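Some notes on the structure that comes next.
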Amino acid sequence: MIRVAAAALALLAASSFPVMTALASPFPLPDGARAEPLSPGEIAGWRQDDQARAFAIFAQGCMADPPLRQAVPLPDGLDAACEKAKALAAAGPVSAEQARDFFERNFSFWRIRPADAETGFMTGYFEPEFEGALTRSDAFPTPLYDRPKDLVTRQSGDDWPGLDKALSAARRTGDDLEPFPDRTAIETGALDGQGLEILWLRDSVDRFVLQVQGSGRVRLPDGSVTRLTYSGRNGLPYTSLGRVLSQRENIPPEQMTMDRLVARLKADAGFARDLIRLNRSFVFFTRRDDLPAGAGPIGGAGLPLTPLRSIAIDRNIWPYGLPVWIDATIPDGEGGDAHLARLVVAQDTGSAILGAARMDLFVGSGAAAGHRAGLIRHPVSFTVLWPR
């Protein structure tokens with residue numbers, strides 16, 4: 001599920017990508033970020049985790065070809081490690097000890113610290129479910145759109161003379177490119193008559209949440225459920241509505257959860273419309289009725305996500321498929337805290353996930369996962385496993 005955005009603090013996250021510079025580590029980092037080499041024995045909890053869970057995800061492949069959203073290229077060693085993992089998995093069940101040995105033999109361990117802190121920063125995201133319909137009605141007047149045919153996504157190295165370098169996508173008009181319509185233009189008819197409507201929701205708030213999370217489930221009037229995956233966005237910068245509301249109404253940032261933001265938007269349709277339009281970014285979806293009901297949503301890497309084992313990372317810094325050791329204490333969703341020390345896999349990205357040690361944890365699907373995801377905005381120890 002593309003973390004076009006990601007829950008709560010993803011809504012509050014800063015968004016400017018630093019200049020890259022070479023460091024002593026085997027990978028480039030943003031200016032000021034630090035990488036400290038570690039041995040597995042120096043990582044608290046390493047031998048207690050069931051690395052077979054992460055290995056099973058890693059053995060599915062580093063990313064699909066093509067992924068849903070491009071990231072930095074896979075380093076040769078990572079691609080080779082994925083192939084080794086596939087071969088090992090094909091030979092039979094892999095135990096936690098075998099998986100642990102695989103990662104220790106094939107990877108070096110690097111604790112990453114951002115330029116301005118000693119720890120990384122974690123938020124959470126989820127796969128929401130809403131009611132909707134395949135046809136427009138008074139009950140379901142808000143459309144979700146398929147990817148427009150004239151939408152062009154900027155790839156690494158693309159030179160678009162005359163266009164803002166911050167644009168990640170544009171509209172093709174003949175041989176030229178121009179900025180794609182923003183959210184307000186789309187909501188007032190810029191895409192009408194193209195037959196792009198794939199589903200209809202109750203209101204713009206439900207659509208906003210789906211676009212923030214990057215994927216979702218929609219329950220139709222007959223009780224069936226259709227799945228949605230990210231298929232692109234209009235390329236305009238993402239604006240954190242949580243941050244805007246926090247500043248406007250003097251709400252401390254730590255109290256601006258996704259639940260609170262949504263409740264405020266649901267309470268006043270006119271207010272919701274105007275606030276949501278401040279976020280000019282607009283996300284498009286594809287229906288995926290072929291996905292099994294029990295499978296996770298599809299992340300930016302083009303592969304299914306696994307609750308509490310898949311993360312979204314800054315795709316301008318890290319490749320998909322990268323194993324990452326995380327250590328954090330986060331809300332358990334029931335009023336308490338849970339210590340999370342485990343190996344996860346980078347399988348997703350998001351517009352608000354920016355920084356060397358910035359991550360978004362996929363929590364799961366449904367309302368309970370959404371509540372928990374919205375509470376997560378916590379420091380995290382972020383250790384990258386880099387292929388040898």
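Using only protein heavy atoms and a 1.4 Å probe, report how much of residue 273 is accessible, in Å² to the nearest 10.
100 Å²
Under 1.5 on a/c is rounded, so check that first for the stretch 123-242, then, if it is not, pick prolate when a/b is larger than b/c and oblate when it is not; a ≥ b ≥ c are the square roots of the alpha carbon gyration tensor eigenvalues.
The shape class here is prolate.
First select every other residue whose beta carbon is under 10 angstrom from the beta carbon of residue 153; then total the charges, Lys and Arg +1, Asp and Glu -1.
Around residue 153, the surrounding residues sum to +3.
Treating the beta-carbon of each Lys and Arg as +1 and of each Asp and Glu as -1, no other charges, what is the dipole magnitude of the chain about its Cα centre, to the nearest 20 debye?
With Lys and Arg at +1 and Asp and Glu at -1, about 60 debye.
Under a GNM of the chain (C-alpha, springs under 10 Å), which listed residue has the highest mean-square fluctuation: 229, 135, 173?
Result: 173 has the largest fluctuation of those listed.
Can you spot the lysines whose alpha carbon is less than 25 Å from residue 149's alpha carbon? Ignore those fewer than 8 places along the same chain.
165
Quickly estimate the mean residue ellipticity at 222 nm for the chain, helices only: each DSSP H run with n ≥ 4 gives -39500 (n - 2.57), and the total goes over all residues, rounded to 500.
Calculated from helices alone, the mean residue ellipticity at 222 nm is -6500 deg cm²/dmol.
Please work out whether the stretch 54-205 counts as rounded, prolate or oblate from its C-alpha gyration tensor, where a ≥ b ≥ c are the square roots of the eigenvalues and a/c under 1.5 means rounded, while otherwise a/b larger than b/c means prolate and anything else oblate?
prolate
Determine which lysines satisfy two conditions relative to residue 266: a Cα distance under 20 Å, and not lying fewer than 8 residues away in the same chain.
none
Please report, for the Cα atoms of the stretch 252-326, the Rg to one decimal and the Dmax as a whole number; what are they, in angstrom?
16.9, 44
Suppose the chain between residue 150 and residue 138 were pulled fully straight at 0.36 nm per residue; how much longer would it get relative to their current alpha carbon spacing?
Length gained between residue 150 and residue 138: 1.3 nm.
Can you send over the carbon and sulfur percentage of the accessible area for the chain, probe radius 1.4 Å, protein chains only?
Carbon-and-sulfur percentage of accessible area, whole number: 50.
Take every DSSP beta bridge whose two residues both sit in the chain, then give the antiparallel share in percent to the nearest 5.
Of the beta bridges lying entirely in the chain, close to 80 percent run antiparallel.
Suppose R0 equals 22 Å. What FRET efficiency, 1/(1 + (r/R0)^6) with r the Cβ-Cβ distance, do residue 247 and residue 274 give to the nearest 0.05?
Calculated value: 0.90.
Mind grabbing the accessible area of residue 198 for me, 1.4 Å probe, Å², rounded to tens?
Counting only protein heavy atoms, the figure is 30 Å².
Between 346, 367, 356, find the one with the highest GNM mean-square fluctuation for the chain; connect C-alpha pairs within less than 10 Å.
Between 346, 367, 356, it is 367 that shows the largest mean-square fluctuation.
When the solvent-accessible surface of protein heavy atoms is calculated with a 1.4 angstrom probe, in what order do 95, 168 fall, highest first?
Most to least solvent-accessible, the answer reads 95, 168.
Relative to the longest principal axis of the chain, what angle (0 to 90°, nearest 10) does the C-alpha long axis of helix 204-213 take?
Orientation of helix 204-213: about 20 degrees from the principal axis.
Using only protein heavy atoms and a 1.4 Å probe, report how much of residue 288 is accessible, in Å² to the nearest 10.
70 Å²
When only Cα pairs under 8 Å and 6 or more residues apart are kept, what is the percent relative contact order across the chain?
Worked out over the chain, it gives 32 percent.
Summing +1 for each Lys or Arg and -1 for each Asp or Glu, what net charge is found among the other residues whose Cβ lies under 10 Å from the Cβ of residue 95?
Every neighbour counted, the sum reads -2.
What residues have an amide H closer than 5 Å to that of residue 338, excluding those fewer than 5 places away on the same chain, when H is modeled at 1.01 Å from N in the peptide plane?
So residue 338 has HN proximity to 330, 332.
Mind telling me which of 54, 71, 368 comes out most flexible in a GNM of the chain, alpha-carbon contacts under 10 Å?
Result for the chain, Cα springs under 10 Å: 368 fluctuates most.
The values are calculated or read from the model by the stated rules, or taken from the named source; none is laboratory data. As the structure is a computational prediction, the values presented were derived from the model and not from experiment. Here the Cβ is made from the backbone with ideal geometry for all residues, glycine too, and neighbour counts use every protein chain on show. Quick note on the areas: whole protein, heavy atoms, side chains included, nothing else; ligands and nucleic acids left out. Shrake-Rupley method; radii C 1.70, N 1.55, O 1.52, S 1.80 Å.
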